[in-house]
1. Only one of these conditions is not met by Phe324: (1) at pLDDT 90 or above; (2) under 19 Å from Val209 (Cβ atoms); (3) surrounded by 15 or more Cβ atoms within 10 Å (Cβ to Cβ). Which number is it?
2. Hey, among the residues in region 454-486 that are in a loop (DSSP other than H, G, I, E, B) and open to solvent by 10 Å² or more (accessible area, probe 1.4 Å), which one's nearest to Glu49 (Cα to Cα)?
3. So, restricting to helices (runs of 4 or more DSSP H) that lie completely within region 111-228, which ones have at least 1 residues that are in contact (Cβ under 8 Å) with a residue 60 or more places away in the chain?
4. Give me a count of the residues in region 47-62 that are at pLDDT 90 or above and open to solvent by 10 Å² or more (accessible area, probe 1.4 Å).
5. As an exercise: evaluate Pro65 against (1) on the phi > 0 side of the Ramachandran plot; (2) open to solvent by less than 30 Å² (accessible area, probe 1.4 Å); (3) outside any helix (DSSP H, G or I) and give the number of the one condition it does not meet.
6. Just checking, how many residues over region 499-517 are open to solvent by 60 Å² or more (accessible area, probe 1.4 Å) and touching a strand residue (DSSP E or B) at 6+ places or on another chain (Cβ under 8 Å)?
7. How many residues, within region 487-498, are touching a strand residue (DSSP E or B) at 6+ places or on another chain (Cβ under 7 Å) and in a loop (DSSP other than H, G, I, E, B)?
Amino acid sequence: MNQKSRLHDFWRNHGIVILIFMVMSLLSVTIMWHYKFIVMGSDMHFHWERIWDLRESLINKSPFPLVALNQYNQTGSAVMALYPQLGMLPIALLSLVIKSFIPLVYIVLILRNFFALLVAYFASYSYNRNRKISFIFASGYTLAATILFHAVISYDIGRSSSMIYLPLILFGFLNLLEKSDWIELSFGMSAIIMCHVVNTAIAIFFLIVMALINIVKLLHKDKVIALVKAVVLTVLLTALYWIPFIIIVGNNSINFPPSYWKVSGTSTYTWYLSIIQNSVGPFFNVINLLGLVFGIIFFRRLGKYSKQLLFVGIGFLVLCSKLFPWDLIAKTGINDSLQFTWRLNIIPQLIFCYIFAEIIVKIFKKSSYAWTAIVVATLGIVLLQLQAQTSVVNQTKNNFELNHKFVEDGKPYRLNNNQDFHNMIFSNVGVVDYYPSAAVSSFDNTNKHIATYNGNQRLKVKLLGDGKYSFKAPVSIKKMALPFLHYNGIAYEVRVDGRVVKTKANKHSLLTISHLSAGRHHVQIIVHRTKKELLSYLFAIVGIVLLIAAIVKKYVFNKNK
């Protein structure tokens, strides 16, 4: 079959689905966009600092910086290296074209939902070859009210982006078991690693559980070879993240985000309210509940792996609930790394959405009944999503407009225009997360761009962006600690008035310069790429080439496809 015929068959089989997904994506933001404001999600300031720093680094022709040279008050924080960047890169690129903040956020949501629908649909279809099941699954999973929580209320770019790729991990693993295919699994794991660390750990935990259940089959030679290929390709593709991470964490004591509360399970009452109210939160909703109930009632109609998934999903629900004795491990590292037990809900949400779709299609085998069931299920999913949008608007329309520089005063805010956005992004709010531990005590000075000299004398410097400062020294300065963090393993070059000078880190891990005359000075800090960092680019390029070759071999030259 030639490529023209393949494209024709592809569009004939999936064209109407793609068009419906386009409409669904538009509907998925229409009510929120109508009110012309953006709720300032709990993590919005943090993530837009990252996005804006990446955006400015692209403009300054120094992409993918290891440290913040523009945002986070230009402190040189390694948040840019230690928190994955894949989810925010498309937003940074779109911000170069779309200058108005409100349309930008909603267009991003439309494109994100459309992409997520396609990923979920084709990931499912690659496994079951069933368009009906895949369509219902993709719709129910992507348009769930819980997604609005992660993407809008919480505005966690990393977490919400990583959830797009969970279907690839689920069905990629099943494809590996059934067909020794490894491409989807490797691509899904690579993408989630480049989006969010905690969700990566949860996904790996899920894969370990599934692997143990299927250990006998997994130990067959062809499965082992496929798994090794998936792991090797994943390691290569994600080198852009894990190599800089090892460089920084291996050479420095880092202050990672702490947990300010004790991890505990979710109460039954919270589950109940979440379901009956279709709450925009991180818990269950109607489709998830139906998937669980249908899976139990029609257990015998489930496929082999769907039966396994049902038990795994129930197991994760127990982990998320108060039935699990979280108090016993509340003082371990799990408390700080997991932070919230509802993070584990992403697995049962994925599983029960798929079981819901599978049962709906299998119950109504007759064609006319099947299409009626699909239409009813689709309308129900869309209406629930529209109701969730209405809930978001009703919850946040009375929030305070951010008509001043953002401060962490605990008030709920919304953004109505570009000026509100600038009030948020160009504030003095900073975070001590990802600082060198020795620099934490100097956070106030560093965050307020105050240099110290000749002992404890203070001097505020002016931020010029791209690692550039200016200041006027009142006297000759023997030694000055700049409000810029120093990480061992990163190559810094410091220029004072255009001349390269020697620098070192003081006891607070701040870059220090010496012997400045009285008067105005300009300082520029340049971060060079080390040989180890360049190795990460080489690994990633090799991984991309291998991935493309594998895709071409499977989908272009394989006559059976």
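1. (1)
2. Once the filter is applied, the top-ranked residue is Asp466.
3. On the way: elements: 131-142, 145-148, 157-164, 166-179, 183-193, 197-213, 215-218.
Hits in region 111-228: 131-142, 145-148, 157-164, 166-179, 183-193, 197-213.
4. Step one: filter region 47-62 for residues at pLDDT 90 or above, giving 47-59.
When the remaining residues are screened for being open to solvent by 10 Å² or more (accessible area, probe 1.4 Å), the result is 52, 55-56, 58-59.
Going through region 47-62 one residue at a time, the tally reaches 5.
5. So the condition that Pro65 fails would be (1).
6. 5
7. First, pick out the residues of region 487-498 that are touching a strand residue (DSSP E or B) at 6+ places or on another chain (Cβ under 7 Å): 487, 490-497.
Still in the list and also in a loop (DSSP other than H, G, I, E, B): 487, 490, 497.
Number satisfying all stated conditions: 3.
Okay, residues lined up against (1) touching a residue at least 60 places away in the same chain (Cβ under 8 Å); (2) within 25 Å of the chain's Cα centre (by Cα); (3) more than 16 Å from Ala145 (Cα to Cα); (4) in a loop (DSSP other than H, G, I, E, B):
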site	(1), (2), (3), (4)
Leu310	no, no, yes, no
Gly313	no, yes, yes, no
Leu323	no, no, yes, yes
Leu344	yes, yes, yes, no
Ile347	yes, yes, no, no
Leu350	yes, yes, no, no
Cys353	yes, yes, no, no
Leu384	yes, yes, no, no
Val393	yes, yes, no, no
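The values are calculated or read from the model by the stated rules, or taken from the named source; none is laboratory data. Because the structure is predicted, anything quoted here is derived from the model rather than measured. Cβ coordinates were reconstructed from backbone atoms using ideal geometry, including for glycine residues, and neighbour counts include every protein chain displayed. With ligands, DNA and RNA removed, areas are computed over all heavy atoms of the protein, side chains included. Shrake-Rupley method; radii C 1.70, N 1.55, O 1.52, S 1.80 Å.
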